[in-house]
Structure formats: C-alpha cells, structure tokens
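The block underneath contains the structure these notes are about, expressed in structure tokens.
The values are calculated or read from the model by the stated rules, or taken from the named source; none is laboratory data. Just so it is clear, the structure is predicted and the values come from calculations on it, not from any experiment. Every residue, glycine among them, receives a Cβ derived from its backbone with ideal geometry; neighbour counts consider all protein chains shown. Only protein heavy atoms, including side chains, enter the accessible area calculation; ligands, DNA and RNA are left aside. Shrake-Rupley method; radii C 1.70, N 1.55, O 1.52, S 1.80 Å.
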Amino acid sequence: MDHGLKEGDAAGPTAGGAARGNNAAATTAAASSSGGVVVQVREKKGPLRAAIPYMPFPVAVLCLFLNTFVPGLGTFVSAFTVLCGARTDLPDRHICCVFWLNIAAALIQILTAIVMVGWIMSIFWGMDMVILAISQAERRCRSAESDLH
C-alpha cells in the first residue's frame, strides 16, 4: 500500500491553488533533479471574465466604487472603455462582441442584485478590474525598465 505522491500529483502551497476551483488548471511542467514535480497553475477564464477590460487604475477604482453602491453600473461603464480602446483577454473577438459581453455581465449583475448574488458578483467584478489595472501597470513598468537596459 503506497501513499506517496505519484507523478502528476500536486503537493505543497501550489496544490491548494490548483485545487481551489474549476478556474485553475494544473499542468506538470518539468521534473527537478531531486525527483520532485514542478507544478504550474494557469487560470482558465470564461468569456465573461475574459471580457473585463484592462483600464487605467483610476478608472478601475471608479468602476469598483460604482459596482459597490449600484450593482452593474461600474461594469456598464467599463463596457464603454472597450470601445475607447481598452484591451481584454479576448484579442480574437471583435470589439462589439466584447462590448456586448460586458453589457450582458452588467445586466446579469443588475437583475440578480435583488437576491444579493448580483451585488456580490458586481463587487468581485470591480475588484477584478482593479487587479487587472494593477497588473497592467506592473507590466508596463517592467517593459519600461527592460527598454532602459
């Protein structure tokens, strides 16, 4: 009876991230020289989640604020940033399609706010907008630093 880890099993702090939900997909990257397994975690986004635009930080904070107090309003505003050139994780989709995906997310948030689900979804959506804005700013800083070197 062997209770040890088999190849492909996840262990350690990254295992919790891989097993957290259906949005994470764990893949075996490579085996180290000590015989352990290196696990890489990639987030799998659905079309609505991938349609959240990368906005400037102040706009993302404004959308979070709007989503907190009027569910869906910040998501509705963020849909128009797509028309203004904000990029998303759906580069192969047409701008109008991404715009309507954001409008659909806003409508879902508004219609389900009556039972609190939409309000909670709206707040999490706003937090995702801020997280994406921060990651975009960090990416720009790193690329600016590499251009200087």
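Which of rounded, prolate or oblate describes the range 55-147 when judged by the alpha-carbon gyration tensor and an a/c cut-off of 1.5? Please list the in-between numbers first.
Numbers: a/c = 2.70, a/b = 1.59, b/c = 1.69.
It is oblate, given that a/c is not under 1.5 and a/b is not larger than b/c.
To the nearest 10 Å², what's L48's accessible area with a 1.4 Å probe?
50 Å²
Could you run the Debye sum over the Cα atoms of the range 41-101, one equal point scatterer each and no solvent, and tell me log10 of I(q)/I(0) at q = 0.23 Å⁻¹, two decimals?
-0.93
In Å², and per residue, what accessible area does the range 55-147 have when probed at 1.4 Å with the other protein chains present?
59 Å²
What nm distance separates the two modelled labels at I114 and V130, each placed 7 Å from Cα along Cα→Cβ?
With each label placed 7 Å out from Cα toward Cβ, I get 3.0 nm.
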